[in-house]
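Colleague: Provided herewith is a single structure, encoded as structure tokens, for subsequent inquiry.
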Amino acid sequence: MKRITCYVRPHRVEMVKSAIAAAEVNGMTVSDVRGVGVSPVREQRYSNLVGVVPMPIQAKIEVVVADAQVEEIVESILRNARTGEADDGKIFIEDVADAYRIRTHERGEIAV
């Protein structure tokens, strides 16, 4: 199993969510987050505060899928999140050792 975490522009969330759901992914977590990536960090001045680093709002989408679904999901995210401009986001893929469904005690991919 793999956890796919992607950070995308807020106005692209609905398209990315729909694309992931169309790939028959059962569970998904979406969060509003703030952060900066590889784009140059430009300090700004607000009132008397100097050196304030702006942290733009992004959306974080997380899914856990079977290994066989990873490429399909990544391609869906790339297709639907891309604007071609800086700060389109990132995708991270991590191994998931195990999963449990608390209600039924199911374990492994069936629990996802």
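Let's see how each residue does on (1) in contact (Cβ under 8 Å) with a residue 12 or more places away in the chain; (2) closer than 15 Å to VAL25 by Cβ:
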| residue | (1), (2) |
| --- | --- |
| ALA66 | yes, yes |
| ILE73 | yes, yes |
| ASN80 | yes, yes |
| GLU94 | yes, no |
| ILE102 | no, no |
| ARG107 | no, no |
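Colleague: I need the full set of residues from region 83-97 which are of a type outside the set (A, V, I, L, M, F, W, C), over 13 Å from the mean Cα position of the chain (by Cα) and modelled with pLDDT under 95, in order please. Give the derivation first.
Modeller: Narrowing region 83-97 to residues of a type outside the set (A, V, I, L, M, F, W, C): 83-85, 87-90, 94-95.
Add one more test, that the residue is over 13 Å from the mean Cα position of the chain (by Cα), and what stays is 83-85, 87, 95.
Those that are of a type outside the set (A, V, I, L, M, F, W, C), over 13 Å from the mean Cα position of the chain (by Cα) and modelled with pLDDT under 95: THR83, GLY84, GLU85, ASP87.
Colleague: Considering each residue of region 82-92, count those that are among the basic types (Lys, Arg) and either free of Cβ contacts under 8 Å to residues at least 12 places away in the same chain or in contact with an Asp or Glu (Cβ under 7 Å, 6 or more places away or on another chain) (or both), and give that number. Before you say what the answer is, go through the steps one by one.
Modeller: Taking region 82-92 and keeping what is among the basic types (Lys, Arg), we get 82, 90.
Now narrow it down to the ones that are either free of Cβ contacts under 8 Å to residues at least 12 places away in the same chain or in contact with an Asp or Glu (Cβ under 7 Å, 6 or more places away or on another chain) (or both): 82.
Result for region 82-92: 1.
Colleague: I'd like to verify a number: residues in region 64-106 that are polar (S, T, N, Q), assigned to a loop (DSSP other than H, G, I, E, B) and surrounded by 12 or more Cβ atoms within 10 Å (Cβ to Cβ), how many? Reasoning before the result, please.
Modeller: We begin by selecting, within region 64-106, every residue polar (S, T, N, Q); these are 69, 76, 80, 83, 104.
With the extra rule that they be assigned to a loop (DSSP other than H, G, I, E, B), the set shrinks to 83, 104.
This time we only want the ones that are surrounded by 12 or more Cβ atoms within 10 Å (Cβ to Cβ), so: 83.
So the count comes out to 1.
The values are calculated or read from the model by the stated rules, or taken from the named source; none is laboratory data. This is a predicted model, so every value here is computed, not measured. Please note: Cβ atoms are built from the backbone with ideal geometry, for glycine as well, and neighbour counts cover all protein chains shown.
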